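The values are calculated or read from the model by the stated rules, or taken from the named source; none is laboratory data. This one's a predicted model, so the numbers in the text were calculated from it and none came from an experiment. As a convention, Cβ positions derive from the backbone with ideal geometry for all residues, glycine included, and neighbour counts pool all protein chains shown. Heavy atoms of the whole protein, side chains included, go into the accessibility calculation; ligands, DNA and RNA do not. Shrake-Rupley method; radii C 1.70, N 1.55, O 1.52, S 1.80 Å.
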Amino acid sequence: MIQVRHSNERGAAEYIWLKSRHTFSFAGYYDHEHMGVSALRVINDDKVTPGNGFGTHSHQDMEIISYVKKGSIEHKDSMGNVKRLPAGEFQLMTAGRGVTHSEYNPSNTVPLEFIQIWIQPNVYGIEASYQQKRFDNMDGLQLIASPDARDGSLLIHQDACLFQLRLKADQNASHPLDPGRTVYVHVVSGDLVVDGKRLHEGDGATVKDVKTVDFTVDGNSISEALLFDLP
C-alpha cells in the first residue's frame, strides 16, 4: 500500500526571512490527518534569506536531523559546539534531557535551503549529543543514520534508519521492508517513481504491507530522496 503526500498539500509558513513547507503538523500548522508517520514527526523544507535564521531556542527528547540542500548553516549550541554545516552534509542532534541551539544563514548573498527532520526517540532523559558528517556521493541507497551506527552511519536513538537515495536516468533501486515496518520517502529533487507512483520534488509517500519498495527514474531526470525505515 502506498499513500502519496503531494508537495502542494503541505502546510506553509511564510515570513520576510523564512519560507517553510511542513509535511506534518508543526507550529501554527495543524492537520489531524498528518501528524507524522510512526516515530517520524517533522519534515520541514526551509528557505532562509541571507543573514537570517533561527535564534536560540530549546529542545528536549527529540532526534533532530538537518540536511543542507543549498548554502550553509551556522550552528551554535549549549554543548559548546560552534559548527558550519555546508550543502550536502548531515547533522544529527540528540536533544536528550535538554539543549539550546541557534541556526543561521551566515552568507550575506546566498539563500539557505535545508530540510529539518524530527524523529521521536525510544529512550528519554539521556545526555544531549551532536554529530555531523559528509557521506560519499554514490548512486542507489546509502545508510545515513541507524540505531547501531553501522557502516559509519550516524547514531540515532530509535529503531529507525535513514537512507539517502540517488538515482540517475533509467536507474533503479529497491529496499526490503520487514513485516510490520513502514517506509516514508521524501523527494529532495527531481522526479522519482515509487512502487509505480510518480513523485516530484517536495512530494512524499508512506509505504507499508509490501515485501520491497521499488524506485525507478525514467527519462532524463536525476533524483535525490530521503528514505525512512520506521517501526
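Volume per residue for segment 142-231 equals 87 cubic angstrom (convex hull of Cα atoms).
Taking 0.36 nm per residue of separation and subtracting the Cα-Cα distance, what length does fully extending D148 through V82 add? Before the final figure, lay out the partial values.
On the way: separation 66, 0.36 × 66 = 23.76 nm, distance 2.60 nm.
Extra length available between D148 and V82 comes to 21.2 nm.
Model label points for H57 and D170, set 7 angstrom from Cα along the Cα-to-Cβ axis, are 4.7 nm apart. Taking a ≥ b ≥ c as the square roots of the eigenvalues of the Cα gyration tensor, segment 1-103 is prolate, since a/c reaches 1.5 or more and a/b is larger than b/c. In loop segments of segment 105-163 as defined by DSSP, the chymotrypsin sites (Phe, Trp or Tyr not before Pro) with at most 14 further C-beta atoms inside 10 Å of their C-beta are Y124. The candidates Y104, Y15, arranged from most to least accessible area with a 1.4 Å probe in the full protein assembly, appear as Y15, Y104. Here K168 sits with roughly 100 square angstrom of accessible surface, probe radius 1.4 Å.
Think of each Lys and Arg Cβ as +1 and each Asp and Glu Cβ as -1; about the Cα centre, that makes the dipole of the chain roughly 400 debye. Length available on full extension from N108 to I222: 0.36 nm per residue minus the Cα-Cα distance, which gives 38.1 nm. Once Lys and Arg get +1 and Asp and Glu get -1 on their Cβ, which of A149, G36, G80 lies farthest toward the positive end of the dipole of the chain? After comparing all options, I get G80. Each Lys or Arg adds one and each Asp or Glu takes one away; over the other residues whose Cβ falls under 13 Å from the Cβ of V99, this sums to -3.
Would you work out the charge dipole size for segment 136-197 about its Cα centre, treating the Cβ of every Lys and Arg as +1 and the Cβ of every Asp and Glu as -1, and quote it to the nearest 20 debye? Before the final figure, lay out the partial values.
On the way: 5 positive and 9 negative charges, 22 e Å.
My answer is approximately 100 debye.
Computed packing ranks the peptides 213-219, 105-111 as 213-219, 105-111, most packed first, by mean other Cβ atoms within 10 Å.
Enter the accessible area per residue of segment 77-141 (Å², integer; probe 1.4 Å; all protein chains in place). Display every interim value, and only then the final one.
On the way: 3030 Å² over 65 residues.
Using a 1.4 Å probe on heavy atoms only, each residue of segment 77-141 averages 47 Å².
At an R0 of 22 angstrom, the distance between the Cβ atoms of E127 and D159 translates into a FRET efficiency of 0.65.
For the chain, which whole-number percentage of the solvent-accessible area (1.4 Å probe, protein heavy atoms only) is attributable to carbon and sulfur atoms?
Values: 5000 of 10500 Å².
Ligands and nucleic acids excluded, carbon and sulfur give 48 percent.
Here K197 is the anchor, and the lysines within straight C-alpha reach of less than 29 Å, apart from those fewer than 8 places off in the same chain, are K19, K47, K69, K70, K168, K208, K211. Put H101, H200 in order of accessible area, highest first, and with a 1.4 Å probe you get H200, H101.
Mean sequence separation of contacting Cα pairs (under 8 Å, at least six apart), scaled by the length of the chain, corresponds to a relative contact order of 19 percent.
Each part gets one Cα centre, and for segment 144-195 versus segment 84-119 those centres are 21 Å apart.
Once the Cβ-Cβ distance of F135 and Y30 is raised to the sixth power relative to R0 = 35 Å, the FRET efficiency obtained is 0.55.
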